[in-house]
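Everything below concerns the one structure shown next.
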Amino acid sequence: MYVNRTKKNPYTKQTVFDVLSAVVGLAVIAVGIVSFINLEKNAWLFPVVFLLAAIFQCLLGIPRMMGGYGRTSKRRKATGVGLFVLAGILLMLGVVSALCLWR
């Protein structure tokens, strides 16, 4: 990870999004592994995996919508919208899996 030391504040928005994305991504992997160790006992972790994945997709989409990536504005915004749509689908899967487990 690159830290810009020429500015007074090296913690730019992009650095914050990178760190948050790394933390949430590692959390998705860890919770996914733990949930598969004992499926019956840890079944309640599946909605957590979907919700963390939705948060991860939102963290990837925010810089693209704000202008952090891409060559053209239209392509960048389309990618951001696609990531937010994927986050909505993952959020719905998380809600459905939670309802199925706790019903």
Is it the case that some residue within the stretch 42-63 is out of contact with any strand residue (DSSP E or B) (no Cβ under 7 Å at 6 or more places or on another chain), more than 21 Å from Leu20 (Cβ to Cβ), free of Cβ contacts under 8 Å to residues at least 12 places away in the same chain and not hydrophobic (A, V, I, L, M, F, W, C)? yes
In the stretch 70-87, is there at least one residue being exposed (fewer than 15 other Cβ atoms within 10 Å of the Cβ) and touching a residue at least 24 places away in the same chain (Cβ under 8 Å)? no
Selected residue (criterion: nearest to Arg64 (Cα to Cα)) from residues of the stretch 17-45 that are assigned to a helix (DSSP H, G or I) and polar (S, T, N, Q): Ser21
Leu99 - would you say it is surrounded by 13 or more Cβ atoms within 10 Å (Cβ to Cβ) and among the aliphatic types (A, V, I, L, M)? no
Here is a check on your reading of the model: is Leu93 open to solvent by 60 Å² or more (accessible area, probe 1.4 Å), among the aliphatic types (A, V, I, L, M) and assigned to a helix (DSSP H, G or I)? yes
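Filter the stretch 6-16 down to the residues that are in a loop (DSSP other than H, G, I, E, B) and surrounded by 11 or more Cβ atoms within 10 Å (Cβ to Cβ), then identify the one that is modelled with the highest pLDDT.
If we filter the stretch 6-16 for residues that are in a loop (DSSP other than H, G, I, E, B), which is where we start, we get 6-12.
Filter once more, keeping what is surrounded by 11 or more Cβ atoms within 10 Å (Cβ to Cβ): 10-12.
On the way: Pro10: 61, Tyr11: 66, Thr12: 74.
Of everything passing the filter in the stretch 6-16, Thr12 is modelled with the highest pLDDT.
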In the stretch 23-57, how many residues are open to solvent by less than 40 Å² (accessible area, probe 1.4 Å) and more than 16 Å from Ala98 (Cα to Cα)? 5
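The values are calculated or read from the model by the stated rules, or taken from the named source; none is laboratory data. This structure is a prediction, so every number in the text was calculated from the model and none was measured. Note that each Cβ is placed from the backbone with ideal geometry, even for glycine, and that neighbours are counted across all protein chains shown. Protein only, heavy atoms only, side chains kept; ligands, DNA and RNA dropped before computing areas. Shrake-Rupley method; radii C 1.70, N 1.55, O 1.52, S 1.80 Å.
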